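Take a look at the structure set out below.
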Amino acid sequence: MTQHDEVVKRRLADKSRALAEALERVREGTYGICQACGCRIPRRRLEAVPTATLCVSCQAQREGVAHAA
């Protein structure tokens, strides 16, 4: 297996795990709630990133990016 294949395999495994976790949050009724601040994650963000666990502000803060709220 090539290095590229390993990278693809790892990315697919990560995406699969994130989707399984999102499905579990749907079952628990916590899907769409920011895990950092507890606010609702905007629908547009969830449409763009269905596995998002943080709102835009908290994600930007985690990445150290200035974000105008």
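The values are calculated or read from the model by the stated rules, or taken from the named source; none is laboratory data. Given the structure is predicted, the values throughout are model-derived calculations rather than measurements. All Cβ positions, even for glycine, are placed from backbone atoms using ideal geometry, and neighbour counts span all protein chains on display.
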Scanning the stretch 15-42 residue by residue, the ones that are surrounded by fewer than 15 Cβ atoms within 10 Å (Cβ to Cβ), among the β-branched types (Val, Ile, Thr) and either in contact (Cβ under 8 Å) with a residue 60 or more places away in the chain or not in a helix (DSSP H, G or I) (or both) total 1
Cβ-Cβ below 8 Å, separation at least six or inter-chain, first residue in the stretch 43-54 and under 10 Å from residue 22 (Cβ atoms) and of a type in the set (Lys, Arg), second at pLDDT 95 or above and not in a loop (DSSP other than H, G, I, E, B): which pairs?
none
Surrounded by 10 or more Cβ atoms within 10 Å (Cβ to Cβ) and of a type outside the set (Asp, Glu): does that describe residue 51?
yes
